[in-house]
Amino acid sequence: MFMYLIFSQVTMRKLRKHPETKDVLGVEFVSGWDSFNVAQALALPQFIINKLKQNPISSLYANTDILNTHTSKIDKAFAYTFYWFFMGSNLFGICVLLLNAFGVFD
């Protein structure tokens, strides 16, 4: 959560204020969800981004092309770190939950 707060305050504040980027941050289902959209757009490999662009629901995702031009290398590195730590902790939690459900920890 510490990384989420820093990413939101540093990078997202800059992107939300810029008139060219404030409308391409993806759909915000709940408050702050656009931070995850931007981190995903900056952290995923290009071949996955290209597959997502071909999807009919591609308007839900942040626009990678515009975001890449308006973010620095530090912002991209922080987005990459934030996104993969977030995804890793969630996957680890799901694995522990499933292992517990199958009785491995009993």
For the stretch 63-78, indicate whether the set of residues that are open to solvent by 60 Å² or more (accessible area, probe 1.4 Å), assigned to a helix (DSSP H, G or I), more than 23 Å from His18 (Cα to Cα) and modelled with pLDDT of 90 or more is non-empty. no
Expected output for the stretch 67-82 (first residue more than 17 Å from Leu44 (Cβ to Cβ), partner open to solvent by less than 60 Å² (accessible area, probe 1.4 Å) and not in a loop (DSSP other than H, G, I, E, B), Cβ below 9 Å, 6+ apart or cross-chain) is His70/Leu15; Ser72/Thr11; Ile74/Thr11
Could you please tell me which pairs satisfy a Cβ distance under 8 Å, a separation of 6+ or placement on different chains, a first residue in the stretch 86-106 that is closer than 25 Å to Ser8 by Cα, and a second residue that is open to solvent by less than 70 Å² (accessible area, probe 1.4 Å)? Phe86/Met3; Phe86/Tyr4; Phe86/Phe36; Phe86/Ala39
Please name all residue pairs, on different chains or six or more residues apart, with Cβ atoms under 9 Å, provided the first residue is in the stretch 7-19 and is surrounded by 11 or more Cβ atoms within 10 Å (Cβ to Cβ) and the second residue is polar (S, T, N, Q) and not in a helix (DSSP H, G or I). Thr11/Thr71; Thr11/Ser72; Lys14/Thr21; Lys14/Thr71; Leu15/Thr21; Leu15/Thr71
Count - residues of the stretch 79-106 that are in contact with a helix residue (DSSP H, G or I) (Cβ under 8 Å, 6 or more places away or on another chain) and open to solvent by less than 60 Å² (accessible area, probe 1.4 Å): 4
Condition check for Lys51: in a helix (DSSP H, G or I), charged (D, E, K, R) and touching a residue at least 24 places away in the same chain (Cβ under 8 Å): no
Is at least one residue of the stretch 42-52 in contact with a Phe, Trp or Tyr (Cβ under 6 Å, 6 or more places away or on another chain) and at positive phi? no
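The values are calculated or read from the model by the stated rules, or taken from the named source; none is laboratory data. As the structure is a computational prediction, the values presented were derived from the model and not from experiment. A quick note on method: Cβ atoms are made from the backbone with ideal geometry, for glycine too, and the neighbour counts reach across all protein chains shown. In case anyone asks, the SASA skips ligands and DNA or RNA and just uses the protein heavy atoms, side chains included. Shrake-Rupley method; radii C 1.70, N 1.55, O 1.52, S 1.80 Å.
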